[in-house]
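Notes follow once the structure below has been shown.
Every number in this text was worked out from the coordinates using simple rules, so none of it is lab data. As the structure is a prediction and not an experimental result, all values here were calculated from the model. Every residue, glycine as well, gets a Cβ built from its backbone with ideal geometry; the counts of neighbours run over all protein chains shown.
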C-alpha cells in the first residue's frame, strides 16, 4: 500500500513537472480616469497625452476636452474655456512652454497658460484629426488626415514669424501621398521628421532633407518596397524605425545607433503575439530615462518591455492586472518622477508598475493559494509550501511543481536543506524530497521515524538545524532533537518539560540557552540537561502579549523578538516584555512573521494581518518608524501567513500570504525626487471664486499663467477668509503624499504635516501675507520645492491712517475749544476761590487738630491688632498640628500596602488627597473567603470630608466584619441607613454623605459582584471598555422615603479582565494647555491604554499623567483623587 501511495505521488509530480513561465505574474496598475474627474474616458491617439516642462500631465479625450491631472483630480479645459473642440487628436508643448492642442475635426489651439488662441484657417482641412510637431525653430507642423477612399493627407505649417497656417510645398518632394505612405514625427529635442514615399526626411530649418542611412544586408532585405517611419528618437539621437509594408502596415522595428551606425532588429516574442497578428507600424514606441524600451501594441492590448540592449523583458496586459483597452490609443509617456503612463479607451491613463512587487498566485502555477513557508536551497532555488500540501519551486524566473496541491500532506510549515536533499515539515510528518539523477524528477517519502516520531501521521510545524542538531517542532508531540552525526534522536521534550505539546519555533542565544515558541507561552532551556529545573516558562501573566506563539528571533544582544499572534510583536530583554501593536504604529494587532533587515540592526520586516511592515527601533526598544506596504503600494498580501517571510541570496524579500506569494525587490526603489507643489486655487470664503469676474477685477493686477491666480491681490477688510487648494506633481502613490504650510504674517513656523490638500484661514487681520506650501512623499521623504502666494488685506476705513489723522485733528480742535472755554471759566472762578480759600483755611486748622487726636487713637489700636495677629498665628499653628495629627490617624485607619497585597495581589491604589486630610478613602478586607474592596468619595474634602470618612470607615467595618453582610447592595443599603442615623438627617437639614463603589470577589468561584452609589465600575477586557453604572443616589443626604434599594451587578471576569473603581477627582482636575477638565472620556481612554501594563506600573502611569496634566495648565489640585485597579 505504501509503495502504491509513493507511486501515485511520483506520477502526479511528473504530470505537474512542467515549468510555468512567469510573464503572467500580477502587478499593481493605477488608472486615472472618470473617477478622478476626467470628462471622458477615451485617450484617442498616440499623441493625446504628454508631461510638460513643469511636470504637469495633460490628457486629451475623445469628446470631453483636455484634462490637467492635479494629484488625484483633473482640471478640465473645453470649448467653454476657449478650446476650439472637445475632440482631441494631439498635444505637444513648444520650447517656450505653450501647449498646442490639435482637434480631430476643426483646427488647432495654442494655450499660453491664460488663454486659448485658435487658427480657423485649418477648419475643414481634417476630419480624422492628424499629427502634430514643433521644430527647434518654433515652426508648427500639422499633418491633417482626410477621410474617405483616395483622400490624401495634407501637410500644413505655421512658420515661426507668421500668424497663420498654410499648406507646405517643397518641389523636390512632389505631391504628398496617401495616408499609408505619409507620417510626421515630433521628437523630444524638437526635431520634425517626415516619412514620405519609403524615405525619412528631417527639416533643417529651410526644407526637408532626406536622411541617408548606411546600407547593410539586414536593411536591404527588410526595406525593399517598404516604408520607413520614425517611431522614436532619444536624447542621444538614437532612432527606432519601423520598416513596414505600405498596405498591411505590418513590419519590423529597427534600432539605429547613431554613434556606431549599426542596426539591431527588435525581436518580439512570438508566443506573446496572438495568432494572425504581427508587429505593426501603428504600435507606439517609447524609451524611458532608464533606457528601457516600451512598445505599446494597442491593437492587441499588450505593452512589450525590453532592456537597454533591446532584450525582451516582460509584457503588461490584462493577464497580469492591466485595466482598460488600449485599442487605437497608443499614448505612452514618462513623468518627471520616472513613472510610465499608457493611454486607454475606457480607463483614462494607466500607470505601469514599478515592479518593486511581483505577485504570484495559483494562476501562475503555485500549488496552493495560501503560502505558509518559504526557503532557499544551496542552488539558490526558492521553495514555497502551501496550506494544502503543495510545494512549488522557483528557479530561473519559472515556477515548477514539486508536490501537487491536495496530495495528502496538509500544511507545509517549514523547510530544511541537507546537501541536495530537502526536508519539509508537513501536516503528516517530515517529507524527504530528492531529485532523481536519471529522470530529473523529484521523489518524496515520509521519514518520521528518523526524527523520532511514529511513521503514522504527525503534524510537524518547524524544522531547523542548530549546532548539528535538527530540531523538529510538532502539534501534539512536542519537539525532538536529532543528532546528525550520531544519526539518532537525543532530545524529546513534551508536556512535562515545556508545559505544552505544540512547538512552532526554536532559537539559541549566545549564552547557550534554547528558546521554544509554544502554544502555551515562551520556554527557556539552559541546554545543560533535561531536568525540570532547567526549564522556565513565560506566559501572559509575566507580560507576554499572547501565549499562542508563532516565531522567534534573537538579535546580537540576545534580545528575544516574539511573534505572539493577537498579542502583537513582543520584545523580551530577559526581564521585561514590550508589546508592539497598532497603538505603537503597526498595521495590525495580529502578527504572523518576523525577518531581520540584512546588515541593519534594530530593523525588521513584519508580516501582519494587514500587509507588510518595515520597522525601525532604537536600542532601548522604542519603535521610531513603520513603513507600511499594502495594495496601494503594489503588495497584494492582505493577510500574511505562517512563517512565510524570507530574504533570498539576491536580496529579494519573499512574503507569503492568503493570496499567494509576493517577491519584493526593494533595490528597484527609484530615488524619490522631492515633489514640486502647485497652488491651483485661491478662493474667498467657502465657495469657488472666479477671479475673471468683474466683481474682482480691481483687486489684482493680472492673473498668473497656468493656474490663473490673482497677482498682487488686495482684498477688502470683510474679505478676510481665504482658502488655498494645492497638489504635488508626484503620482507614484498619491495617498501617501503629505503637505505642510504656513502663513507668513500669522504663523511663526510650518504647521503639522497632513494629507489634506486644502488650507483655510478666516478672520484675518489687515496686513500683508505670504502663503507657503510644500510636499513630500511619505512621512520621511524630503520636502520638495515650495510654492508661495502673496496677498494683502486692507483695513476698514476707521482703521486707516487717514481716518486716524482726521480723528486726531477733530480731537485737537475739541480740546482747543475746551481749553478756551475753561480759561474763561477759571478767571471767573479764581476770585471765588480766593474767598473760599480764606474760609477753608480756618476750617483746615480746626480739622488738623482733630486729625492729630485721631492719629494717637489709631496708634493705640495698631498695638492691639499686633497682639491679636500674634494670637491668631499661634492658634493657626496649633490647628495645623492638630490636622496633621488627624492625618496620622486617618492614614492608620486606611489599609496598608502590605494588607492590600495580602488580600488581593494584583491590585494598586492611587490615592492623592488635596489637603492634609482627605474626604476620599478606600476600604479592603477578606471575610469568609470573599474579598471586599470599596472606593469612597465623601462630601467635601479636607477636615469636613475627613470627619465623614471616619464615620464611613467605621460603619463599613461594623457592617461587613461584625454584621457579616457580604452582599454589595445590602452593604450600601445598611450603610445608607446608618449614615442618616449618625448624622440625624431625618430631623436636621444635614445633607452630607458619600458616593462610592464596592465590589465583592468570591475567591472560590472568581465571580465579582458590584454595587455603586453614583460611582461606576470600569471593566476592561477584549480590548474594549465596559462601564457598569452605579445607582443615581448617594449614601446619606437623600430622602429615605424616595430612595430605592441599591442594585447589585454580577460579573464573570475574563482572562484579560482589569477592573477600576475611582472618585471624580482625577477626571474633574483642570489642566492641559487649554486649562480644561480632564473629563471622563479621556480618563477611560487612559485606563484602557495602561490596562495591559503590569498592575503596579499602572499606578506610576496614573501619577505621572495626573501631574503632567495639572502642571501643564499651571493648575492646583482641586479635589481628592482616588483610583483603585485590580485583576482577579
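Data table
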| item | result |
| --- | --- |
| Acute angle (nearest 10 degrees) that the helix 968-982 long axis makes with the longest principal axis of the chain, alpha-carbon atoms | 40 degrees |
| Potential lengthening between residue 943 and residue 216 on full extension [0.36 nm per residue; Cα-Cα distance subtracted] | 250.7 nm |
| Extension gain, residue 1073 back to residue 797 (0.36 nm per residue minus Cα-Cα distance, nm) | 95.7 nm |
| Cα centroid of region 262-286 to Cα centroid of region 187-238, whole Å | 19 Å |
| Degrees between helix 942-956 axis and first principal axis of the chain (Cα, 0 to 90, nearest 10) | 90 degrees |
| Projected label distance in nm at residue 770 and residue 849, using a 7 Å step from Cα toward the beta-carbon | 8.0 nm |
| Sorted by Cβ neighbour density within 10 Å, fewest at the top, the residues 718, 920 | 718, 920 |
| Acute angle (nearest 10 degrees) that the helix 801-893 long axis makes with the longest principal axis of the chain, alpha-carbon atoms | 70 degrees |
| Cβ-Cβ FRET estimate between residue 760 and residue 916, R0 fixed at 51 Å, reported to 0.05 | 0.50 |
| Förster radius 35 Å - calculated FRET efficiency between residue 598 and residue 447 (Cβ-Cβ, nearest 0.05) | 0.60 |
| Relative packing of peptides 736-743, 648-655 - highest average C-beta neighbours within 10 Å first | 736-743, 648-655 |
| Cα gyration tensor, region 922-1081 - rounded (a/c under 1.5), prolate or oblate | oblate |
| Bridge type composition, the chain - antiparallel percent by DSSP, nearest 5 | 95 percent |
| Cα centroid separation, region 979-1052 to region 632-706 (Å) | 55 Å |
| Isotropically averaged projected area of the chain, using the convex hull of Cα atoms (one quarter of hull area), nm² | 75.1 nm² |
| Computed E for residue 534/residue 465 - FRET, C-beta separation, R0 30 angstrom, nearest 0.05 | 0.85 |
| 17 Å tail of the calculated P(r), region 788-832, as % of Cα pairs | 59 percent |
| Translational diffusion coefficient (Stokes-Einstein; Kirkwood radius from C-alpha pairs) of region 39-79 at 4 °C, 1.567 mPa s, in µm²/s | 126 µm²/s |
| Most to least packed among 55-68, 955-968 [average Cβ atoms within 10 Å] | 55-68, 955-968 |
| Estimated distance in nm for a label pair at residue 857 and residue 905, the labels positioned 7 Å out from Cα along Cα-to-Cβ | 8.0 nm |
| Helix-only mean residue ellipticity at 222 nm for the chain, each DSSP H run of n ≥ 4 adding -39500 (n - 2.57), per residue, nearest 500 | -5500 deg cm²/dmol |
| Length released on extending from residue 869 to residue 496, taking residue separation times 0.36 nm less the Cα-Cα span | 126.4 nm |
| Residue 421 paired with residue 166, simple spin-label distance in nm, labels 7 Å along Cα-to-beta-carbon | 9.0 nm |
| Taking 1009, 687, 754 and counting other C-beta atoms within 10 Å, the order from fewest to most | 687, 754, 1009 |
| Among 349-360, 826-837, the order from most to least packed when residues are scored by Cβ within 10 Å on average | 349-360, 826-837 |
